[in-house]
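First up is the structure itself, then whatever we jot down about it.
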Amino acid sequence: MKFDTIIIGGGLSGLTCGIALAQQKQRVAIINAGQSTLHFNSGSLELLGYDENGDLVDAPLKAIPLLSNMHPFHKLNAIDCLAKEAKLLLNAAGLVMKGSAEANHYRLSPIGINKPAWLTMDGLVQSTTPETLPWKRVTIANIAGFLDMPVAFLSANLQRMGVAVDVQTFTTKALEEARKSPSEMRATNIAKVLADETGLEEVAQALNALSIQGEVLLLPSVLGLADDAARAHLQQHVRHALHYVATMPPSVPGVHIQTKLRQYFQQLGGLYVLSDTVCAGVFKDNRLVAVQTEKMVEEKLYADDFVLASGSFQSRGLQSNYNEVYEPIFHADVDAVQDRSTWTAAYVYDEQPYMKFGVHTDSQFLVSREGRVQTNLYAAGSILSGHNAFKLADGTGVSMLTALQVAHNILKK
C-alpha cells in the first residue's frame, strides 16, 4: 500500500499531524500500537506552565523565547500562529476549548490544586489565578462508591483557597448495579452506564433531591466519552449550575479528546490502524522507503514521508537497557548521556535528567540515524529531546505545535 504520509503513533501529536495533512487532501495512514497517553489527560492542554527556574508562567508566548536553545519550540515558525491553528483544529474536530496562548488560565486538578493551562474543555473548572476559584461556596456531589475523585483532598484544598465547601453523595439504580463490581466504578465505565437519557434523568432527579448550598454543583467528570450531549442533557434537567472536576485516570475528558480527533481524522479520509506496531523500516540512500508492522507481515507500507510520533518512555517510543537509551523501531539517534548513573536524581522530586532525553532532529524535525539525516523521516511530540514536560508543563503544547510544524514542512516540500 502506498500513502503520501505514514505516521507512527496515534496520540495527540500523531493525530494533530495527520489531521493537518488530511485537511490538505493528503492520503495519510496512522499506525497506533494501543491507547495513547491522552487517556491520562485531564481535559486541559498546556503550552508552557513553568519556566526553567520553576516559576509560574503567566504569558507563554513571552516566556517561550527565554527557554534553553535545546527546546523544540525554537524549531517552530511563528509560534503564535501555530497555537491559533491548533485551537482551530480542535474546534474543527468538535472540541470546545477555552483559553489562549497569550495568557495562561488555571484548571482544577483532581485533588484541588490549580494548574496552569493553555486550553481547557468547556465545562471543566478553571480560574484566572492560581489561588482562587470563581465562586465563594461550592457543593461537591460525588457518586457513592466512586473512589477516583479524592473528595477529602479536593475539599481541603478548595477550603485553603477560601472557598466554603459542602460535600454530598448521590446514586441511582444503574450506578448501584455498577457498584457491585469495584472494577466497574471507574470513570470510563460510569460514562457508559450514563450514556442514555434514562440514566441521565435518574442522575438529574438524584441531584435535584440534594440540599445544595453552593453557588455551583461540582461533579466528577464522568460524562461524554464520545460527545457533549450527555453533559448538555444533564444540565437541562438539573436546577443548579454544573461544572466538572477531572478525576484520576482513566480520564473521560482525555478519552473524549482522543475520540473526537480520531473521528475527525477518519472523516477527512485518513486511515487509522489500531493495535498494530511498526517493527522495521526499509531505508535507501538516507531515505525511509517503507515500513513493516507486526500484524501485516506480508505487506510493506510505502509513503513519500514518515512521521515518528510514538511517544517517550511511557509509550515505549523510547526504551532503555543497562547500557543505553534507544529508539526501538528505526534505531534513530538519541540525545542522551552515556553514563547511566547520571540518568536520574536521587530525590524523587528533583529534576530527572532522563526526562530531556529524546530523538535527535535537525531544524526541520528530520531524524538522523548513525549521524546521517533521513530526508523524509520526521519526529514530533514527546519523543523529541530537549525539554522536561513534567517540569515545564509544556508536553501537550510540544505535541501539537511540533506536529503542526512537521505537517507544514511536509506540505511545502
Two-site label geometry, Lys284 and Leu147: point separation in nm, points 7 Å out along Cα→Cβ: 5.7 nm
Karplus-derived 3J(HN,Hα), 6.51/-1.76/1.60, for each residue of region 319-326, Hz, glycine and proline x: 9, 9, 10, 6, 10, 7, 9, 9
Approximate spin-label separation Ser363-Asn208, in nm, with each point projected 7 Å along Cα-to-Cβ: 6.4 nm
Ellipticity estimate at 222 nm from DSSP helix runs (n ≥ 4, -39,500 (n - 2.57)) divided over the chain, nearest 500: -8000 deg cm²/dmol
Loop sites in region 130-178: GluC sites (Glu not before Pro), DSSP, at most 10 other Cβ within 10 Å: Glu131
Listed residues Arg369, Arg186 arranged by accessible area, highest first, probe 1.4 Å: Arg186, Arg369
GNM flexibility winner over the chain from Lys87, Lys356, Lys180 (Cα, springs under 10 Å): Lys180
Percentage relative contact order, region 125-245, counting C-alpha pairs under 8 Å, at least six apart: 30 percent
Eligible aspartates and glutamates near Lys356 by straight Cα distance, threshold 18 Å, same-chain separation 8 or greater: Glu46, Asp51, Glu52, Glu324, Glu327, Asp333, Asp335, Asp339, Asp394
Max mean-square fluctuation residue, GNM over the chain, Cα-Cα springs under 10 Å, options Asn321, Asn91, Asn189: Asn321
Entries in Lys2/Lys84; Lys98/Lys260; Lys25/Lys412 that, when Cα-Cα distance is taken, lie over 21 Å: Lys2/Lys84
DSSP beta bridges in the chain [antiparallel fraction, %, rounded to 5]: 45 percent
Fraction of antiparallel bridges per DSSP, region 38-190 only, in percent to nearest 5: 60 percent
Per-pair calculated FRET efficiency, R0 = 22 Å: Lys413 and Tyr302 via Cβ, rounded to 0.05: 0.85
Inter-part distance where region 249-312 and region 334-413 are each reduced to a Cα centre, Å: 18 Å
Listed values (i) 68, 58, 39; (ii) 71, 46, 41; (iii) 90, 66, 48, entry calculated as Cα extents along the principal axes in Å: (ii)
Using a Förster distance of 45 Å, the FRET efficiency for Asn323-Glu177 (Cβ separation, nearest 0.05): 0.30
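Which whole-number value in Å² is the accessible area per residue of the chain, probe 1.4 Å?
Per-residue value: 44 Å².
Could you sort out which of Lys136/Lys180; Lys192/Lys295; Lys62/Lys115 sit more than 28 Å apart by Cα distance in this structure?
Pairs exceeding 28 Å: Lys136/Lys180; Lys192/Lys295.
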Ala78 versus Ala241: modelled label distance in nm, points set 7 Å from Cα along the beta carbon direction: 3.8 nm
Built amide H within the under 5 Å cut-off of Gly317, gap 5+: Ser312
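So how much slack lies between Gln314 and Thr129, counting 0.36 nm per residue of separation and subtracting their Cα-Cα distance, in nm?
Stretched fully, the Gln314-Thr129 segment lengthens by 63.5 nm.
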Per-residue SASA entry for Arg231, accessible area with 1.4 Å probe, Å² rounded to 10: 40 Å²
Additional length obtainable on full extension of the chain from Glu215 to Thr342, 0.36 nm per residue less Cα span: 40.6 nm
Placed amide H near Cys279: partners under 5 Å, 5+ positions off or other chain: Gln292, Thr293, Glu294
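DSSP beta bridges in region 275-413, what fraction antiparallel, as a percent rounded to 5?
In region 275-413, approximately 80 percent of DSSP beta bridges are antiparallel ones.
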Distant-in-sequence amide H partners of Arg369 (H built 1.01 Å from N, under 5 Å): Asp333, Gln374
Tensor-based shape of region 1-158 (alpha-carbon gyration tensor, a/c under 1.5 rounded, otherwise prolate or oblate): oblate
J(HN,Hα) series, region 276-285, from Karplus relation 6.51 cos²θ - 1.76 cosθ + 1.60, nearest Hz, glycine and proline x: 9, 10, 5, 10, 6, x, 9, 10, 8, 6
Residue among Ala393, Ala187, Ala229 with the largest mean-square fluctuation in a Gaussian network model of the chain, springs linking Cα atoms under 10 Å: Ala229
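The values are calculated or read from the model by the stated rules, or taken from the named source; none is laboratory data. All figures in this text were calculated on a predicted structure; none of them were measured in a lab. Don't worry about glycine lacking a Cβ; one is built from the backbone with ideal geometry, like all the others, and counts go over all protein chains shown. Each accessible area value is taken on the protein alone, full model and side chains, heavy atoms only, with ligands, DNA and RNA left out. Shrake-Rupley method; radii C 1.70, N 1.55, O 1.52, S 1.80 Å.
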